[in-house]
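Structure record follows, encoded as structure tokens.
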């Protein structure tokens, strides 16, 4: 084949209309985003030239004035430890090379590509809080597949065990009601406040369905999200504002026809003025955001932010939806519970909520639910049977429902969370003690069972500072290579890691021991 | 809450702009669909007033001239057997009533709503080819969750057993490469021709990602689909052409901003002239369709259709993608294998391909894959790590990959398929013998392990006749109520059913025995 005229060779171009490829514009000036200038003050305190158009400019070079070794030296050390680590993976290398023949990018699931390491590690298995690779290397796992398995891999997690038993004894898809579904929905209300629930297979789908319901209920065309957020593989949430008044896609691979400035408004996190600019034309169906913004690093909500968002959304007739996929471990009742957030209209969560068994949920208040049911009665036959516009054949399946129920009833309980949070606090306190020991201008943070180390000492309330604190350009790269080489698997794309119920005191001590050495090297107190 | 001004009460309206709700138009005249008049001749032979705007007009009333009892009598019988069946479900009724408190429409997964029966059946479990409900009724299952479990429920299916073992021994989400992934991708090439593969969690996602890749590769904005098709919960594929020159959404619940006439062109299945009208402006990135069109009933490809589509798509630089989710059981190598279709650019499948364990795949030719990889290198950091625009944390997970591999290696083999197809042929032949016995103007069909009975005797090549043959308006309703009441679970929304490897000869005999009685009643040869 190949006798047809593909536009394979059209490069991206910067034209008057904006940034384009083929006939598509993926970055342009737009009134869908506020024109208010960005506040770089907090980011530029550490990275004097920080500019959202250039990731490299976010390196927190001011840390060197407080003893951090030079950037060039960190990059050298990072290369050294990456090489040492990768030398332990000959089998992974062989499998990766062979895998390129039949898999896009040589990986079967796109998240595996996120390692961006010369050799992709290949896993043999993972159980409880440990992971073994195909070369026999043993790791303390702290990434859990980027959240899904954060309550523990394999049968040590009662929800995983129950899922396996369900496969053997119940069968996965009768495509009928089951008694367990209603029990599970009631548990969801108990944990996360909203009364009406449905099941999806992924957090992306849960969010997609809520956006769809919000548009239907309000009759409004737009959604609004904070700048630099992530809510799954949804075109309309994969957009950002790289500079005031400019909207851009994250990438050039649009799934839908829509133009870049259609459908999505973007506001600045923790900035009510910017949010009001988005909402005031009353075209916004729903604001979707996280209880704590957690894409790269975290941006904590300022005092009054959530309440202010609720007041503004009410004022302009916009629904308010929280996506808790990344913040679920904040407490047994989620980050909305931990922060005392109430009165929201919609809530979605995937990944860990079913202990890593594929599954997600979306909830809504009774008023929204009543409207959707009423609408469905009016809408005629195409909206009825057989089209499955809010799910698919496996939504509500027995295995996922069981894993979800057991996670709610046996894992997301105060009894499991109290000791889990105590473990996380032990590690957070340990990291803080290390920073004091070496006078390092860094910061440790804890959001439930999720921990983070940041390469600036100020608490962060905006995503600009959020990028700065990651330390891309030397600190990030060295820290990852060093920890991985020493058998500590933190997440590949940010400085976050997770504590699971099965981690032992010995494992936590081991983490802090390696972490101590790492910070000593960064602060020039130890040879790297 | 509720002090904000939702547009809850805006009804749908017919305006000059088209059919609208709020400020959205969801049906309008458009050049995105052909203006060529529909050919109703085959449908109107049986349903003289068939009109795509009115489902009720598709009842095949001409059958009465050949002995079918009157429509009114069928509706009475349908009500009688529905009542008899539903009387056996007091526990289901109780659970359904209780479930309304915490679940939208009273169901946890939207497909459960598709039953549209006064009482939704609640399942206890399903194993092999059987299903038991919460009231102790035993069924021969012939629907398998609308396809996912069509190779058998529970551990009698080796892929389900392997998935359960994987949960217990391997852990579901290392978020790394695994040796099994490459083996699985190679098996996919062996079965379905294309060389490069990736994993998704649902067939919808597999299709979404392929649409996205197609737009990226070709630089073109539009996709094209046949009229009245289904490819999952994708806005752009949930559109239809209710009359020539008119495009409409299936429903008023759009997930994306896009206008109804953006992004999607629609052609008539088996009509190359109509397809060429769609393609000739070279705006179409990809044609997505099924090897056998199978939404309501089936529309078989006419001689030369697939080859003609390939030639036209090549001529206009459009990619060609098959969605095999519903046709997979046609042969051990899918319907593309059964029909000898080759040279397509993309292929997607979900549901049964992992034996009902959540999982789907999308494949592409080497040229497309090379371009996507090259594009990704050029596209800069936002398109790289952490954004997962072609998957999520659980794509490529160990459990789904194992289920997929074992399905390919131990279920989708000639050794399993030969006896499975022999069983299906036995039932098809049995149904045909019943039609002859009662001189019924009906038709039985087989596509691999999927069977169908149709309430007209002509073979169908278009979706208009496809709706006619279902018998909505009396025949459909009676057949379903009668079979369900007699313990035979066919799919709720069409006259299809599936034979699984575990069905016994006794069970197949039982089906034909009940089917004989059912046709006798319909033909007035037996009291109903």
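In the range B:119-146, which residue that is surrounded by fewer than 22 Cβ atoms within 10 Å (Cβ to Cβ), touching a helix residue (DSSP H, G or I) at 6+ places or on another chain (Cβ under 6 Å) and more than 7 Å from every other protein chain (Cβ to nearest Cβ) is farthest from residue B:161 (Cα to Cα)?
Checking each candidate, the answer is B:119.
Which condition breaks for residue A:152 when tested against (1) under 24 Å from residue B:403 (Cα atoms); (2) within 24 Å of the chain's Cα centre (by Cα); (3) more than 8 Å from chain B (Cβ to nearest Cβ); (4) surrounded by fewer than 24 Cβ atoms within 10 Å (Cβ to Cβ)?
Every condition holds for residue A:152 apart from (4).
Please enumerate the residues belonging to the range A:171-214 that are under 26 Å from residue B:159 (Cα atoms) and not in a helix (DSSP H, G or I).
The answer is A:171, A:172, A:173, A:174, A:175, A:176, A:177, A:178, A:199, A:200, A:201, A:202.
Per-residue answers, yes or no, for (1) in contact with a helix residue (DSSP H, G or I) (Cβ under 6 Å, 6 or more places away or on another chain); (2) farther than 25 Å from residue A:259 by Cβ; (3) buried (at least 24 other Cβ atoms within 10 Å of the Cβ):
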residue	(1), (2), (3)
B:233	yes, no, yes
B:237	no, no, no
B:246	no, no, no
B:255	yes, no, yes
B:262	no, no, no
B:271	no, yes, no
B:282	no, no, no
B:288	no, no, yes
B:295	no, yes, no
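Here is a yes/no grid of residues against (1) in contact (Cβ under 8 Å) with a residue 24 or more places away in the chain; (2) closer than 17 Å to residue A:235 by Cβ; (3) facing chain A (nearest Cβ under 9 Å):
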site	(1), (2), (3)
B:210	yes, yes, no
B:216	yes, yes, yes
B:221	yes, yes, yes
B:250	no, no, yes
B:258	no, yes, yes
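From (1) on the phi < 0 side of the Ramachandran plot; (2) out of contact with any strand residue (DSSP E or B) (no Cβ under 6 Å at 6 or more places or on another chain); (3) in the same structural domain as residue B:135 (by TED's automatic domain parsing), pick out the condition that doesn't hold for residue B:528.
Here residue B:528 clears every test but (3).
Within the range A:321-345, track down each residue that is farther than 29 Å from residue A:444 by Cβ and crowded, with 24+ Cβ neighbours inside 10 Å.
Those that are farther than 29 Å from residue A:444 by Cβ and crowded, with 24+ Cβ neighbours inside 10 Å: A:321, A:344, A:345.
Go through the range A:51-74 and give me each residue that's in contact with a helix residue (DSSP H, G or I) (Cβ under 7 Å, 6 or more places away or on another chain) and either at pLDDT 95 or above or surrounded by fewer than 17 Cβ atoms within 10 Å (Cβ to Cβ) (or both).
A:59, A:60, A:61, A:68, A:69, A:70, A:71, A:74, listed by residue number.
Let me confirm something: among B:235, B:205, B:173, which residue is farther than 22 Å from residue B:324 by Cβ and either within 9 Å of another protein chain (Cβ to nearest Cβ) or modelled with pLDDT of 95 or more (or both)?
The conditions single out B:173.
I'd like the residue in the range B:260-286 that is in contact with a strand residue (DSSP E or B) (Cβ under 8 Å, 6 or more places away or on another chain) and at the interface with chain A (Cβ under 8 Å from one of its Cβ atoms) and, out of all such residues, is nearest to residue A:222 (Cα to Cα).
B:263
The values are calculated or read from the model by the stated rules, or taken from the named source; none is laboratory data. All values derive from a computational prediction rather than experimental measurement. When we count neighbours, we look across all protein chains shown, and the Cβ atoms used for this are built from the backbone with ideal geometry, even at glycine.
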